[in-house]
Amino acid sequence: MGQLVSKRNVLARGVHFSTNEDGPPRYSSHHFDSTVHRNHDLRIPPTIVVSDEESRFVAELRRSSVYSTMDLVPQLEHYANSLPRQMTRSRPSLETLRKTFEVSDLGNEESQDPPEKAPVRFGWIVGVMVRCMLNIWGVILFLRLSWITSQAGIVLTCVIILMSVVVTSVTALSISAIATNGRVVSGGAYFMISRTLGPEIGGPIGVVFSFANALACALNTVGFAEVVRDLMLEFNVVMIDSVNDVRIVGVITVTVLLLISLAGMEWESKAQILFFLVLLISFADYFVGTVIPPDIEKQAVGIFGYRGDIFVENLTPNWRGSQGSFFQMFAIFFPAAIGILSGANISGDLKDPATAIPKGTLMAIFWTTLSYLGITVTVGACVVRDASGNKSDILTGNSTDGCVGLACNLGWNFTDCIQSQSCQYGLANSVKVLGQVSGFYYLITAGVFAASLSSALGFLVSAPKVFQCLCKDKIYPYIIFFAKGYGKNNEPLRAYILCYLIAVAFILIAELNTIAALISNFFLCSYSLINFSCFHASITNSPGWRPSFHYYSKWTALFGAVISVVLMFLFTWWAALITFCIIFFLFGYVNYNKPKINWGSSVQAGTYNMALSYSVSLTGVEDHVKNFRPQCLVLTGPPNQRPALVDFVGSFTKHVSLMICGDIILVGDRTTRPRDATDSLVKWMNKRKVRSFYTPLSAETLRAGAKHLLQASGLGKLKPNTLVLGFKGNWRESAPESIEDYINTIYDTFDSNYCLCILRMMDGLDISDDLEYEGLIRNNMFTSQTNDEEAGDSDQIKTVFQNDQGKKTIDVYWIADDGGLTLLVPYLFTRRKRWHRCKVRVFIVGDEQNMEEGRNQFRLDISDVIVMTDIEKRPHSKSLSRFVDSVAPFRLFDEQQEGISVQELRQNAPWKISDKEFEAFKLKSESKVRLNEIIRKNSQHTALVLVSLPVPQSDCPSALYMAWLDTLTCGLHCPAVLIRGNQQNVLTFYCQ
């Protein structure tokens, strides 16, 4: 034994431990002395220093793994955060691990902060079980349970208790599952629901649940004040009158409870333990009183001790009055069971919430259920339903003629009060039966005091804790002020004051009987959502749902959710409607504002499951022309540099079809592109409310990148069928290889059987110069943003597609029958709010009557169909000469150079157009020039122009085709779109 100790001491001298509250000890190899290395032949890898931005320690020593000195062994604190960006701050990145150098033995200095006094933390007994039991043992136990037993009988009262326990037990199982699925901090039910179902559901519940706890504090305080007033009346003490006496005592009481709460959780816990001891003494006093032989005074009020005939008589119900029904009794009793969340509500003050909440809550339900059942059975076996309290009603002889009631067999005649219904004692008439049965009456009164005060104190503590957590999450405005905590326990002093003011207000002015119904519904709504949270998290099959508490079922959780809602409407239907109206209003506010919060909720997991399921199911469905949607792959580059192209496609795909922004990163841009560029650009699109995916791709050339995106983008049926490009406005100044790359991308699109759109703006699409590319884009958009608003607002430049177009026209030049895409896109534009007043004009070549019939059958709301009868005319010489001049730099002029063959000239400039090729395509070139003249004449100032895109033949030179595209859309003051379908129908006038 001594040898073992000596080894431990040697090891302790050689090892330097670095500890903190949030993680396990860590050590470094260079703190082992030489003797340890010699004696035990230890080979410890050297350590590295890893900085953590959010830690109070500037540098920490972490042990490296056997693979590499840069590679750390598993560290528990790395898994404390749920956001990927936070986790990688303390763990070396893959890029770091890929580097060739390794760091070893980097110093051993650690920053030492002065030790702070540890906050008070509670175990499962004091923190959860005792607290829940105190809230469940309320005034209903002492003042209503005996009356419910007289009405419903022992059997049905036990059924009512067990039904309530079923609801609370199922909810407790759901709470246990959620509480053990990760670390639970302060916030209780709100924290559990919000982190499981998201802020949209969690936010409303946080507001409602906090308010319900504040009102419950007021109600329990009033219950205590009424008992004090009745006690004062027994001694003929009146301050003002019965109503104002309750107000005075209530305000004084809640003020004292506030002072206890402000003193800290340690004092509050001591007060709760004191109340708990008082309650245990009162229980003992009651059960002792049941076995004490009753004297004449007790018998006069209907107490006869344990008797079988009384027990049998009280087994069956005896409904009386307007509230005489099973369900009314259930509604009166159920609020006694709403205290099961008291332990969870102070989860931030528990040593181990994951262990304490399940164990403490379930044990509290078990013991309180036994106590309720025990009191029901014992009081039903000792006390008759009706008694006069008059000692003169004792029977002096053996004759019982004319005597009514069970007491006749026990030597008492309560016939007069039974027949006149004027009995003031007995189970059915007195609420003080437990005190009368007990050995010492005023110990039961002390128990009532303890029950009401402990519940009031528990709710007064719970409401600020939950509200503080809600305020910290910044879901609702104007309440962040109450998020600040004070002291070692981070006490929400401001929220305490707010809860106190609410409680005082309702003690003074509220109609508490009405508010009581709302409180029960608020708590039932919380139970319902807790159960639904557990069910939803289970049914989504998320890998992140791994509760260590396994004694739950998703179907029992669903049952608990449904039965809670049913009980809400059966108890008080109007209160249930008010509760749901409040929830829906608060839900709508959060859903509209969409707070920048990501808690990894089960709603996200459910959305993923549905998206995956629907995507897979779509793969087995054949395409139909009626369901065609233009699913667009948009080569935007960084989307914030070409907002017009993004807005153009978004105008006809938003809420309609798929949009993917493809960003082809060329070789020269890879090193300058920051690592978090994708996150910044996605934030930019979200701020712009663009419903699109963003896909960056590294490639050697534009053509290679576009080809890869065309082949690999999308998933199943959610795959692009249309490529959208921006017009290459600087084609004349560009390198010939760049033009070839651009035109070959168009060729590849047609070869892949994709539709194609090319957008041209008068001022161009690329606004990187306006954004001061070197400054704003690189330093602002492509760097890590701490403020999401700055990331989205920094370059939100408005484009023409975001303006209201009024009553302008959309002109469509449907030159070629491409399947109908040229007509479908403008129709989708007119469905948007900013474009819905625009009229669509279609310019065609051919039979007007044929198009008129098609217009009606296609149902595209085309206002005019115009036949271009002068399309065959020869273009003006000025327009033609402008086209020839634009092509001149790309021509070989081989016929003017004698002695040199075309092949020799092409060796130096293979991209240029020979005279033979230029002459072969002369008529086609002239038709493009003529069409441009017509477009400029009719559509100079329209909202949008769409022109059928010519499909190039394989032998058409790239520069000549580029000149055609330029000619078709030049000289316009509005956006122009060159569009071409894939020759397959996207429109039909049949219904099948």
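Here are a few things to note about the model shown:
- Cα gyration tensor shape of the stretch 659-763, rounded if a/c is under 1.5, else prolate or oblate by comparing a/b with b/c: rounded
- Contour minus Cα-Cα distance for residue 497 and residue 808 (0.36 nm per residue): 105.9 nm
- Karplus 3J(HN,Hα) series, Hz, for the stretch 575-580 with 6.51 cos²θ - 1.76 cosθ + 1.60 (x for Gly, Pro): 5, 5, 5, 4, 4, 5
- Were the residues from residue 239 through residue 589 laid out at 0.36 nm apart, the gain over their Cα-Cα distance would be 121.3 nm.
- In this structure the amide hydrogen of residue 947, modeled in the peptide plane, comes within under 5 Å of the amide hydrogens of 813, 977, 978, 979, none closer than 5 places in sequence on its chain.
- Where a label projected 7 Å from the Cα of residue 281 along Cα→Cβ would reach, residues of the stretch 419-457 with amide N under 20 Å: 434-457
- The distance between label points at residue 619 and residue 440 comes to 7.8 nm (points 7 Å beyond Cα on the Cα→Cβ vector).
- Global form of the stretch 268-342, assessed from the alpha-carbon gyration tensor, a/c cut-off 1.5: oblate
- Estimated inter-spin distance, residue 698 and residue 873, nm [label 7 Å along Cα→Cβ]: 5.7 nm
- Pairs over the 30 Å Cα-Cα cut-off, from the set 683/717; 798/937; 270/298; 654/937: 270/298; 654/937.
- Our note on the geometry: Cα centres of the stretch 735-767 and the stretch 941-975, 11 Å apart.
- Per-residue ³J(HN,Hα) for the stretch 661-676, Karplus 6.51 cos²θ - 1.76 cosθ + 1.60, θ = phi - 60°, Hz, x for Gly and Pro: 8, x, 10, 8, 9, 6, 4, x, 9, 5, 6, 8, 7, x, 5, 9
- Summary of the geometry: the stretch 432-473 and the stretch 160-209, compared by the centres of their Cα atoms, lie 22 Å apart.
- Sequentially through the stretch 370-377, phi angles give Karplus couplings (6.51, -1.76, 1.60; θ = phi - 60°) of 4, 5, 5, 5, x, 5, 4, 5 Hz, Gly and Pro residues having no value and appearing as x.
- Residues with amide H under 5 Å from that of residue 819, placed H, sequence gap 5 or more: none
- Using every pair of distinct Cα positions in the stretch 601-696, the Kirkwood expression returns a hydrodynamic radius of 15.3 angstrom.
- Between the stretch 347-362 and the stretch 237-316, the alpha-carbon center distance in angstrom: 28 Å
- Proximity of backbone amide H atoms, modeled 1.01 Å from N, is registered between residue 427 and 384, 385, 386 at under 5 Å, excluding neighbours fewer than 5 places apart on the same chain.
- Between residue 845 and residue 562, the distance separating the two model label sites (each 7 Å from Cα on the Cα→Cβ line) works out to 6.7 nm.
- Cα shape, the stretch 547-589, gyration tensor, a/c 1.5 rule: oblate
- Residue 546-residue 578 FRET efficiency (beta carbon distance; Förster radius 45 Å; 0.05 resolution): 0.75
Read the figures in this text as sums done on the coordinates, not as results from a lab. Because the structure is predicted, anything quoted here is derived from the model rather than measured. Quick reminder, even Gly has a Cβ in these numbers, built from the backbone with ideal geometry, and neighbours come from all protein chains shown.
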